[in-house]
Amino acid sequence: MGVDINIKNNLFATSDKNITIDYDRNMLNDYVKFLKKIDKREKAVNGKTKKLGKKQNKIYQKWQTRIQNMVIEKVVELVKSAKNMGYSHLVLEDLELLGKLRSDNLEFSINNGRLIRLLNLSSIKNRIRN
C-alpha cells in the first residue's frame, strides 16, 4: 500500500484513502511560536549573537523530544492501522529532497523545508523499518 506523507492536509494518507492520520497541529503551532521567539533572540544585535541560556536550552530540548515523540506515535498508529486492515507492506515516498523546499507554510508561517526538518520527516522510513 502506498502512503502519502505531507504537511499541508495531513501527515499520512494511504493511496486507497482508508487511513488518514494527522499530526497535532496545536502542539506544532506552539512549537513554531517558541522557535520564532528563539530566532528573534538569536538574531545579531550590534554584531553580537545572543545565545540561549540554560533554561531556554532545556525548554528547547523538551520541545524537540515532544515533537519527535508525537511523530513516533503517529508512525505507530499508521503501522497498527495498516496491520489491522491486512496490509503487510507500506511504500513511502522519498522525502530527503523535500527538506530543501523554499516555499512558506501559510498555516504556521514558516518555511516548508524547515517544517519538514522539524518533524524529521526525511527519516520516517527508518522509523517504520525499525
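Every number here is computed from the coordinates shown, using simple stated rules; none is lab data. Everything quoted here is computed from the prediction, not taken from an experiment.
On alpha carbon coordinates alone, what is the Rg over Rh value for the chain, Rh being the Kirkwood radius?
Details: Rg = 16.8 Å, Rh = 16.2 Å.
Reported Rg/Rh (Cα atoms, Kirkwood Rh): 1.04.
Computed 3J(HN,Hα) for the stretch 116-123, one whole-Hz value per residue from the Karplus formula 6.51 cos²θ - 1.76 cosθ + 1.60 where θ = phi - 60°, is 5, 5, 4, 7, 6, 6, 5, 9, glycine and proline marked x. For the chain, the longest principal axis of the Cα atoms and the long axis of helix 25-42 meet at an angle of about 30 degrees. Listed values for the stretch 65-78 are Karplus-derived 3J(HN,Hα) couplings in whole Hz (6.51 cos²θ - 1.76 cosθ + 1.60, θ = phi - 60°), namely 5, 4, 5, 4, 5, 4, 5, 4, 4, 5, 5, 4, 4, 4, and x replaces Gly and Pro.
Bridges between two residues of the stretch 2-129, per DSSP, are antiparallel at a rate of about 80%.
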